[in-house]
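Presented below is the structure to which this report refers.
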Amino acid sequence: FPLGQECCGALAAHTGRPGRAARLQRRNERAFGSPAATGPIVVEAAGCGQELKAYGPEFSSRVVDAVALLAGSGASAHRSVPLRVAFHDPCHARHGQGVVAPPRQLLSAIPDLTWYEATEKEVCCGSGGAWGLRYPKMSADLARRKAADLAEGGADLVVTTNPGCLGQIADGLALEAPGLPILPLTDLWWYATRTENP
């Protein structure tokens, strides 16, 4: 966790503040080392990952989605998770970065877990950076539509890989499927890879 790192700047860029976004980029480039520095910069939030990958080729070549890193790590899940899980692809992961297979690999590797994805997996949840602030009615409608779609398959749990989507879908679930929880996929993976207590 390098000292001096800042917000990735995505929200500043989305809300028409390019100067602030550029300042945040410069601070992050300093915090994470020179462009010649090596080693991955692991990012859990899909929206932040997409913004960081837009910094430039030297920096972006080091940015790795946390789910993709875990899927390629060789780590295995050994704890049984007998749940039915609905998975939501964030637009920033699926369309922005092309991170499609890794979350499915992790879900498929968890013992006793059954998972499915939304029927309308290509449809945005309505968060989209600052999009929800600009178009609140349409954003709320999309949140409810996405929540209903995810809940329709009888899920015990919903997982996703972006905090903006998580909050947006949680709001929709509160109206469409009260009591259906949502978590980051990395939290579910952490639980499934822990050694069970004797």
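Less than 5 angstrom separates the built amide H of I41 from those of V63, V64, all sequence-distant by 5 or more or on a different chain. Amide H to amide H, with H built 1.01 Å from N, V85 comes under 5 Å of T114, W115, Y116, D156, counting only residues 5 or more places away or on other chains. When only C-alpha pairs under 8 Å and at least 6 residues apart count, what is the relative contact order of the chain, in percent? Across the chain, relative contact order equals 21 percent. Ligands, DNA and RNA left out, the accessible area of segment 50-177 computed with a 1.4 Å probe is 55% carbon and sulfur.
Classify segment 41-143 as rounded, prolate or oblate, taking a ≥ b ≥ c as the square roots of the eigenvalues of its Cα gyration tensor: rounded when a/c is under 1.5, otherwise prolate if a/b is larger than b/c and oblate if not.
Values: a/c = 2.80, a/b = 1.15, b/c = 2.43.
Verdict is oblate for segment 41-143.
Rg and Dmax, both from the Cα atoms of segment 13-85 and both in Å, are 16.0, 48.
Farthest towards the positive end of the charge dipole of the chain, among the residues A46, A77, F1, is the Cα of F1, using unit charges on the Cβ of Lys, Arg, Asp and Glu.
The phi torsions of segment 22-31, fed into the Karplus equation with coefficients 6.51, -1.76 and 1.60 and a -60° offset, translate into couplings of 5, 5, 5, 4, 4, 5, 5, 4, 5, 5 Hz, rounded to whole numbers, with Gly and Pro shown as x. Note on the chain: helix-only mean residue ellipticity at 222 nm, from DSSP H runs of 4+ residues weighted -39500 (n - 2.57) and normalised by residue number, equals -12500 deg cm²/dmol. Each residue of segment 80-96 is assigned a 3J(HN,Hα), and the resulting list reads 5, 10, x, 10, 9, 10, 9, 10, 10, 7, x, 4, 5, 7, 5, 8, x Hz, derived from the Karplus form 6.51 cos²θ - 1.76 cosθ + 1.60 (θ = phi - 60°), x at Gly and Pro. Listed by chain and number, the lysines whose C-alpha is less than 28 Å from the C-alpha of K137, apart from same-chain residues fewer than 8 away, are K121, K146.
Across the options M138, P184, A174, the greatest Cα extent toward the positive end of the charge dipole of segment 116-198 (unit charges at beta carbon of Lys, Arg, Asp, Glu) belongs to M138.
Calculated from the structure at hand, percent of Cα pairs over 31 Å apart is found among (i) 17; (ii) 22; (iii) 28 as (ii). At the residue level, R27 shows approximately 90 square angstrom of accessible surface with a 1.4 angstrom probe and all protein chains present.
The values are calculated or read from the model by the stated rules, or taken from the named source; none is laboratory data. The structure displayed is predicted, hence computed values, not measured ones. Using ideal geometry, Cβ is built from the backbone for each residue, glycine included, and neighbour counts are taken over all protein chains shown. Areas reflect the complete protein model, heavy atoms only, side chains present, ligands, DNA and RNA absent. Shrake-Rupley method; radii C 1.70, N 1.55, O 1.52, S 1.80 Å.
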